[in-house]
Every structure is written in structure tokens, then in C-alpha cells.
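Here is the structure we will look at, set down as C-alpha cells.
The values are calculated or read from the model by the stated rules, or taken from the named source; none is laboratory data. Computed from a prediction, not measured in an experiment: that's the story for all the values here. Cβ atoms come from the backbone with ideal geometry, glycine included; neighbour counts cover every protein chain shown.
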Amino acid sequence: MRGICRAIFLFNKGIIDAVYDLVPAVKIQIAFYEVYGAEGIRAFFKTAEYAKKKGLIVIADVKRGDIADVAMMYSKAYLQNEYIDAITVNPYMGENTILPYISDCTKYGKGIFILVKTSNKGSGTIQNIKTEEGYFFEKVAEMANKMADSLIGNYGYSSIGAVVGATCTEEAKILRTKMHRSYFLVPGYGAQGATADDVADCFNDDGLGAVINSSRKIIFAYRNGYWKDVYTEEEYAQTSREEVILMRDLINNCLMKKRS
Ligand SMILES: O=C(O)c1cc(=O)[nH]c(=O)n1[C@@H]1O[C@H](COP(=O)(O)O)[C@@H](O)[C@H]1O
């Protein structure tokens, strides 16, 4: 187990070294580390530490959601960790279960991203239930917005952000008009099919307000048909860098097109 986890950390380190000057943040998904037990968790926090020391914002994708007393412990484990800047939070259990995280965001200068409209195909089953006051996800956005307003920083953005799937273009448009001061964490780009055009409406008119997430498309770029002919497996990190540059340029082009 130790060998696997060391290999995972070295793989991550290679990618971080190759892209840290291009991207603002990394998001580390806890399930892929939990599966290796204690050694896996060690690799998770080592990766967080390495990324943080490289100057990146570190988002722990832990999707926590439980009663408030338990949330306090989750918050202690992640938001009180010096190498983690923000976590993903599941709002299904209601407002008071999110408050412990907000308290730590205030105390420790951290952030959370509340799942509002997720990228997965089945997300509409619950999130798009129509109520008399709009869709269910709009109610979640309203709750998240209220919390976001209590934690606005120097540049007008809140430490309380929202997860909005890149695959949910119509919902993203609605949410962007309602949640001006929240950063959107936008997964679904790349491997889940969303394109640069799809994410353009997740940004505010100032060109800010969204962090676009692409995981498999970047870290496994070396397996992608196009790059396979250009780089070897050993050059996986360089391939990830190329893919990041491509992603950045495509998104910037779309944003410029939208502005003109
Ligand atoms: O909270 C998340 O990060 C998340 C929310 C969501 O709606 N959809 C979603 O895919 N994610 C995460 O974002 C990552 C997407 O990975 P790729 O599809 O490989 O880019 C995974 O780690 C998911 O757990």
C-alpha cells in the first residue's frame, strides 16, 4: 500500500510541478485516497501540502454533509488544516449543518463550495424538481446566497461559493444572475463532455467568478489519442501542461467572444 501511495504522490507532484504557474487551484478528490486507507489519506494531505507550498489554492473535494456536531469535526479535519483552503459541502441536510463550516471560514480565512447544481446526468432528479417558488436548485441557491452575503471579502466575492456543473448550461445562466458574489466551482469540463462554450456563462461580466475544473482530461492527458502520438507515457506531466494551456486558451477565447 505504501508503494502505491508513494507512486500516487509522485504522480501528483509531477503534475503540480508542470502546471502550477498556469492554474489557480487544484481540487483533490478524497475517495481516490480513502480507498488506500491510512497511507492514502497521508498521500492526500501530502499532495495538499505540496500544492499549497507551490502557491496554489487547494480545494478538498470531500462533499461533506451531516448534523452540525459532526460537521464541526469534518470542518476541523479539513478547514482547520493549514494546507487546505476550501472544501465542497453537501447542503441536503439544511442550513444549520453548514454553519459550522462558515464559522471556520470566518475564523481561519477558508472557503466552501456548496453543491447547488451538479454536473452528473441524474442531477435533475432532485435538483430540478419544480416547486411553486421555482426549481429545487434555485431554493438551494437562495440559501447559499444568504450565507454568502455574510462573508464578502475585499474584492466583492464571498468565501461561500457554489458548485455548478459545466454540463448545466441553462441552470448556470439562471444561477449566475442570482449569485453575483459567489465563485462557481464548475466541474464537468472535458471528460464529462462540457466545452469552453458551455462554461462561458458561469463567469460574471468582469470575466471572473468561476473556477473551471477538469480532472481526468488533464491528469490522464497522456492517454488521449491526440497527445499519445506526441508524448510518451513518461512525459505525462508535460502532456498535462499542454492540455491545461489548450483549455485556458479555449476558455479565454470564448470569454473574449462573449464580451465583444
Ligand atoms: O464537487 C465536485 O467537485 C463535483 C461536483 C459535480 O457536480 N460534479 C463533479 O464531477 N464533481 C467532481 O469533479 C471531478 C470531475 O472529474 P472529471 O470528470 O474527471 O473532470 C470529480 O472529482 C467529481 O467528484
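Would you confirm, using the coordinates I've provided, whether S123 is in contact with a strand residue (DSSP E or B) (Cβ under 7 Å, 6 or more places away or on another chain) and surrounded by fewer than 20 Cβ atoms within 10 Å (Cβ to Cβ)?
yes
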### Task
Determine whether region 92-109 contains at least one residue that is of a type in the set (V, I, T), in contact with a helix residue (DSSP H, G or I) (Cβ under 9 Å, 6 or more places away or on another chain) and assigned to a helix (DSSP H, G or I).
yes
### Query
Taking region 113-158, which residues are more than 23 Å from S215 (Cα to Cα), assigned to a loop (DSSP other than H, G, I, E, B) and either under 15 Å from the mean Cα position of the chain (by Cα) or β-branched (V, I, T) (or both)?
I129
### Test: residue in region 12-24 that is surrounded by 15 or more Cβ atoms within 10 Å (Cβ to Cβ) and modelled with pLDDT under 95
no
### Task
Collect the residues in region 151-177 that are under 14 Å from K117 (Cβ atoms) and not hydrophobic (A, V, I, L, M, F, W, C), keeping them in residue-number order.
G161, G165, T167, T169, E170, E171, K173, R176, T177
#### Entry: Failed item in (1) farther than 28 Å from D249 by Cβ; (2) touching a strand residue (DSSP E or B) at 6+ places or on another chain (Cβ under 8 Å), with P24 passing the rest
(1)
### Task
Considering each residue of region 68-109, count those that are within 16 Å of the ligand (Cβ to nearest atom) and not hydroxyl-bearing (S, T, Y), and give that number.
9
### Message
Every residue in region 174-185 that is within 15 Å of the ligand (Cβ to nearest atom) and more than 19 Å from V62 (Cα to Cα), please.
### Response
L175, S182
### Task
Would you list the helices (runs of 4 or more DSSP H) that sit entirely within region 1-66 and hold 2 or more residues that are free of Cβ contacts under 8 Å to residues at least 12 places away in the same chain, more than 19 Å from L79 (Cβ to Cβ) and among the aliphatic types (A, V, I, L, M)?
2-19
### Query
Can you tell me which residues in region 186-227 are part of a loop (DSSP other than H, G, I, E, B), under 13 Å from the mean Cα position of the chain (by Cα) and within 12 Å of the ligand (Cβ to nearest atom)?
G188, S214, S215
### Query
Are any residues in region 152-173 out of contact with any Asp or Glu (no Cβ under 7 Å at 6 or more places or on another chain), over 19 Å from N90 (Cβ atoms) and more than 16 Å from the ligand (Cβ to nearest atom), and if so, which ones?
I152, G153, N154, Y155, G156, Y157
